[in-house]
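A quick write-up on the structure given underneath.
No lab work stands behind these numbers, since they all come straight from the coordinates. Nothing here was measured: the structure is a model prediction, and the numbers come from that model. Cβ: placed from backbone, ideal geometry, glycine included. Neighbour counts: every protein chain shown.
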Amino acid sequence: MKVKYDAEADILIFVLLDQPPANAIAEPGGIIVSYSDTNEPVSIEFLNASKRQLFNPAEMNLTIST
């Protein structure tokens, strides 16, 4: 899995598979899930990530808790 942050768009992206997305579904709360042509999740995007305190670009740190 890869984690990317687009500072200009303020989007935090979790790339689950290295496949091109075939479609995407916008979920409530500013979350977009993209799927492959075989309906496997490819990526999850969190819009307004820094405003939602999911990511602080000034610190450039990402903490994932399980």
Quick check: net charge around I31, other residues with Cβ under 13 Å of its Cβ, Lys/Arg +1 and Asp/Glu -1?
-1
Which value in nm describes the separation of the simple spin-label points at L17 and R52, placed 7 Å from the Cα toward the beta carbon?
2.3 nm
How large is ³J(HN,Hα) for each residue in the range 43-49, as worked out from phi by the Karplus curve 6.51 cos²θ - 1.76 cosθ + 1.60 (θ = phi - 60°), to whole Hz, x for Gly and Pro?
8, 10, 10, 10, 6, 6, 4
